[in-house]
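The values are calculated or read from the model by the stated rules, or taken from the named source; none is laboratory data. Remember, it's a predicted structure, so these values are computed and weren't measured experimentally. With ideal geometry, Cβ positions are generated from the backbone for all residues, glycine too; neighbour counts draw on all protein chains shown. Side chains are part of the model used for accessible areas, which takes the heavy atoms of the whole protein and leaves out ligands, DNA and RNA. Shrake-Rupley method; radii C 1.70, N 1.55, O 1.52, S 1.80 Å.
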Amino acid sequence: MASSLTPRSPYQKKENLGNVRRGMGYSAPPRRNVLSAINNGGGANAEPAPSEAGSEAPAFEFSGREDVDRLLNEKMKGKSKNDYKGRTEQMSEYIKRLRACIRWLVELEDGYLAEQEKLRGQIDSDNARHAEFEAQLSGALEELKAANLEMTTRCDSLEESLNKEKADRLLAVESYEKEREERESAEASRDVLTVDLERVTHEAKRFSEQLKMVQDTNKRLQEYNSSLQQYNSNLQADTSKNGEIISKLQREKSAMMEAMTNLKDLNNSMKNQLDSSMSSQKEAIRVKEELRKEVECLRADLQQVREDRDQSVAQLNTLTAELATYSEQAKKSSKDSELLRIKAAAFEETCSSQQEQIETLQKQLAVATEKLKHADVTAIEAMTGYETQKETIKDLEERLAYAEFQIIEADKLRKKLHNTILELKGNIRVFCRVRPFLSDANSNGQEEAIISYPSSVENAGRGIDLMNQGQKCSFSYDKVFDHSASQDDVFVEMSQLVQSALDGYKVCIFAYGQTGSGKTYTMMGKPGRDQKGIIPRSLEQIFKTSQSLESQGWKYCMQVNAGNIQ
Ligand SMILES: Nc1ncnc2c1ncn2[C@@H]1O[C@H](COP(=O)(O)OP(=O)(O)OP(=O)(O)O)[C@@H](O)[C@H]1O
């Protein structure tokens with residue numbers, strides 16, 4: 001019995017079981033007192049010990065191995081060899097105790113076996129749980145390895161996209177520099193164009209002044225023509241020729257007017273084109289400024305992405321190291337696995353957010369590229385508009401030069417015709433102006449009785465008849481101004497001579513007559529707008545015409561000498 005009990009010592013089992021229970025978190029069931037049957041002790045669940053051969057069993061207590069050893073080592077005492085009855089009773093008592101001991105041991109073994117079965121079940125379930133946990137850990141490890149591989153691939157693709165973005169950024173910077181140079185050249189061209197426009201505007205102004213002067217001249221020519229028709233009927237043939245010349249001049253004038261109108265229209269359209277070009281250039285500059293800001297933002301974003309990528313790589317390295325550590329410690333701790341899983345999830349979130357950032361940056365880059373293309377198209381359109389404007393300006397300059405040439409030619413022709421007409425009228429002409437009778441009551445009616453004007457076609461406007469002592473004296477002049485002729489009527493005739501002087505011919509006008517006949521009044525006039533005489537009106541015409549001709553390049557030097565011949 002001793003040999004069979006030694007390998008299954010209940011004390012050792014209890015200690016081991018205690019360890020297992022502590023390790024597995026096992027809660028001990030209510031402990032059964034295996035000695036209760038032997039002791040026949042109290043307890044609610046205690047059963048009465050089986051009686052031996054129907055007699056009541058004595059109470060034997062076994063508290064442990066010592067009691068068993070004591071029982072086994074017990075010797076018969078006190079009885080003699082022949083006291084069989086005593087020895088038999090002692091032996092039967094011993095046998096009862098041995099049986100009680102065996103029952104105690106059997107019950108103890110049954111309890112141990114049941115507990116052993118229970119512990120085996122627990123161990124099996126723990127082993128299954130451990131195996132399942134190991135499978136989960138190995139799956140998580142595989143997932144982490146796959147995630148690590150995917151992260152590495154994603155990092156490689158991120159690096160590739162970053163390199164591509166760097167190359168695109170360099171291209172964008174180069175195109176920006178190129179566009180900036182083109183913009184500077186366009187601005188320089190715009191300045192030149194502005195100068196040209198100012199010059200053309202100045203030329204157009206000068207041209208309009210010339211046209212106005214030509215119109216004035218033409219007006220005077222028309223007036224002169226009308227006076228010429230009245231003056232000399234003998235020169236009607238020449239007048240008709242001159243009329244043709246004048247109509248030709250008028251046609252030229254109308255052509256010049258039309259050319260001037262076209263030039264004005266062209267000037268306006270060119271101004272509009274220049275304004276639109278300037279506005280498009282401003283728009284292009286604004287777009288370039290926005291693009292520059294966006295490129296700076298993209299640079300900052302790229303820098304941020306690069307830093308995030310470095311941080312991600314560092315995190316990845318850290319995670320890889322942690323993963324290696326975790327692989328070693330996976331069997332020991334499941335908390336690290338959860339932590340790593342959380343970190344991996346966070347890393348995946350970071351990666352997905354970085355991916356979204358990269359996609360956003362790529363979209364922004366695409367938009368910026370589109371804007372750059374749009375800016376290129378705008379710059380090309382501006383350059384095309386500038387070339388068109390240049391051609392228009394060149395065409396306008398040619399037309400202006402042609403118009404100036406036509407004006408100079410027309411002016412030459414006008415001078416020639418004007419002085420031809422004056423020569424035809426006579427280089428020396430004598431006009432007669434009749435002073436009205438001064439306000440005198442006695443003079444009423446005397447004028448009509450003394451002075452009369454012939455109404456014949458031949459002498460109309462040129463003759464005067466005077467009655468002297470009943471005798472009629474007829475006089476004939478180049479022109480006769482009656483008493484009703486105003487200062488302006490007289491100057492209309494004189495202005496043609498003033499124009500000849502302005503054209504470079506020598507002219508002399510002087511008044512002759514007796515005292516009080518009206519010389520001073522005719523030459524100088526009186527204060528008042530309508531009372532001005534020939535001299536102030538001539539000076540006005542001279543200064544006005546010289547100022548208008550200065551724009552054509554003429555320069556006038558004037559001197560005045562005043563003298564009185566008695
Ligand atoms: N066409 C005219 N209409 C109105 N008043 C006139 C006209 N001509 C001359 N008179 C007047 O006659 C007066 C004399 O004219 P004025 O002094 O011009 O003569 P004069 O020839 O210059 O004389 P003198 O030789 O003495 O200088 C002035 O009061 C002037 O205002």
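Other residues whose C-beta falls under 15 angstrom from the C-beta of Arg129 contribute a net charge of -2, scoring Lys and Arg +1 and Asp and Glu -1.
Quote to one decimal, in nm, the extra length available between Val430 and Trp554 on full extension: 0.36 nm per residue of separation minus the C-alpha distance between them.
41.5 nm is the gain from fully extending Val430 to Trp554.
Highest mean packing comes first when the peptides 454-461, 362-369, 486-493 are listed by Cβ atoms within 10 Å, giving 486-493, 362-369, 454-461. Loop-located trypsin sites (Lys or Arg not before Pro) in region 91-135 (DSSP state other than H, G, I, E, B) with a sparse environment of at most 11 neighbouring Cβ atoms within 10 Å are absent. For the pair Arg399 and Ser486 in one chain, pulling the backbone fully straight at 0.36 nm per residue adds 26.9 nm over the alpha carbon distance. Calculate, for Cys155 and Lys332, the FRET efficiency according to 1/(1 + (r/R0)^6) with r their C-beta to C-beta distance and R0 22 Å; round to the nearest 0.05. For R0 = 22 Å, the calculated efficiency reads 0.10. Within the same chain, lysines fewer than 8 places from Lys331 are excluded, and of the rest, those with a Cα less than 24 Å from its Cα are Lys145, Lys343.
Positive contributions from Lys and Arg (+1) and negative ones from Asp and Glu (-1), summed over other residues with Cβ under 9 Å from the Cβ of Cys351, come out at -2.
Around Ile380, with a cut-off of 11 angstrom between Cβ atoms, what is the net charge of the other residues, counting Lys and Arg +1 and Asp and Glu -1? Around Ile380, the charge tally is -4. Stretched out straight at 0.36 nm per residue, the stretch from Thr88 to Glu370 would grow longer than its current Cα-Cα span by 89.5 nm. Here region 320-408 has an Rg and Dmax of 34.5, 112 Å, counting Cα atoms alone. Could you tell me the calculated FRET efficiency between Gln355 and His130, based on Cβ-Cβ distance and R0 = 51 angstrom, to the nearest 0.05? It comes to 0.85.
By accessible area, using a 1.4 Å probe on protein heavy atoms only, region 86-211 has 55% of its surface on carbon and sulfur. The residues of region 491-566 expose on average 73 square angstrom of accessible surface per residue, using a 1.4 Å probe on protein heavy atoms. Modelled this way, with points 7 Å down the Cα-to-C-beta line, the labels at Ala324 and Gln547 are 9.9 nm from one another.
Cross-link partners of Lys415 among lysines, defined as those whose alpha carbon lies under 24 angstrom from its own and excluding same-chain residues fewer than eight positions apart: Lys205, Lys212, Lys219, Lys241, Lys248, Lys253, Lys425, Lys479, Lys506, Lys544, Lys555. For Val480, nonlocal amide neighbours, meaning residues 5 or more places apart or on other chains whose placed amide H falls under 5 Å from its own, are Cys432, Arg462.
Here is the link list: Lys288/Lys390; Lys164/Lys373; Lys293/Lys390; Lys390/Lys412. Which ones come out longer than 29 Å on Cα distance? Those over the limit are Lys293/Lys390; Lys390/Lys412. With the Kirkwood sum run over all distinct C-alpha pairs, region 142-424 has a hydrodynamic radius of 26.2 Å. Taken as Cα centroids, region 475-512 and region 149-190 sit 83 Å apart, rounded to the nearest whole angstrom. Can you work out the FRET efficiency for the pair Lys416 and Val173, with r the C-beta to C-beta distance and R0 = 60 Å, to the nearest 0.05? According to the calculation, E is roughly 0.30.
Just the protein heavy atoms count here, and of the accessible area of region 428-566 at 1.4 Å, carbon and sulfur take up 53 percent.
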